[in-house]
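Quick notes on the structure that follows.
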Amino acid sequence: GRGSIKAYRVLQVDGHVSQVNLKDVGYYLTKLPFPWSGTAQGTAHASALLGDKEPDFIIGAKVAVAPAKTGIPTSGYVDVTFHARKTIVKFGKSNLRLPNSSLDFQGRLDTDLSVTADSTDLAELDPIIPIVGAKLDKADVPKIAAGGTGHFQGTLHDLFHQQVIQGNLSLNKFQ
């Protein structure tokens, strides 16, 4: 990678990240064992304003996720930026693919995150229930029968404070 300090005040670092474990990231977000399994690699950028009393830094990454051999194999692409002082987590156009499910998402966690999810096995999506703030017991989630599908398209609003899920959900052949 490379780094620089501009005007003795702005630190910038650009580089490459590899072998970022998806299970570790999932555990960090949920504080629960996380079954999605993959490793991420790609580009990363960090900048920090030096000398302020209150820390101000921005980190971002554009990574490809390759499936791992254990857990629920997960692949895809994630474009994410975190701005510390403003507590903003923003996703560019991103997607994750599991054996029986797919998630496409973009937007901010503190305002609006657009999500499209398709699945033939909703149990694969259980790990994101705590992230979106839904108060669901696994017994409350329907099971998709053989040949059935589930589709959600909508927006998750303000996941940091008062989570609201708005959108359309369709299920066929479920119990």
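Looking across segment 147-164, just one residue is under 14 Å from residue 100 (Cβ atoms) and of a type in the set (S, T, N, Q), and that is 149.
Looking only at residues of segment 128-137 that are open to solvent by less than 80 Å² (accessible area, probe 1.4 Å) and assigned to a loop (DSSP other than H, G, I, E, B), we find that the one that is modelled with the highest pLDDT is 129.
Across segment 138-170, which residue is nearest to the chain's Cα centre (by Cα) among those that are polar (S, T, N, Q), modelled with pLDDT of 85 or more and surrounded by fewer than 13 Cβ atoms within 10 Å (Cβ to Cβ)? The residue in question is 166. Scanning segment 1-29 for residues that are within 25 Å of the chain's Cα centre (by Cα) and either within 17 Å of residue 56 (Cα to Cα) or assigned to a strand (DSSP E or B) (or both) turns up 12, 13, 14, 15, 16, 17, 18, 19, 20, 21. Residues in segment 67-98 that are open to solvent by 60 Å² or more (accessible area, probe 1.4 Å) and at pLDDT 95 or above: 67, 77, 93, 97. Candidates in segment 31-44 are the residues that are assigned to a strand (DSSP E or B) and open to solvent by 70 Å² or more (accessible area, probe 1.4 Å); of these, the one that is farthest from residue 12 (Cα to Cα) is 41. The set of residues in segment 66-99 being more than 25 Å from residue 12 (Cα to Cα) and part of a strand (DSSP E or B) consists of 66, 67, 72, 73, 75, 76, 95, 96, 97.
The values are calculated or read from the model by the stated rules, or taken from the named source; none is laboratory data. Predicted model, so just to flag it, every value in this text is computed and none were measured. No Cβ is skipped: glycine too gets one built from the backbone with ideal geometry, and neighbour counts run over all protein chains shown. Keep in mind that these areas ignore ligands, DNA and RNA; they rest on the heavy atoms of the full protein, side chains included. Shrake-Rupley method; radii C 1.70, N 1.55, O 1.52, S 1.80 Å.
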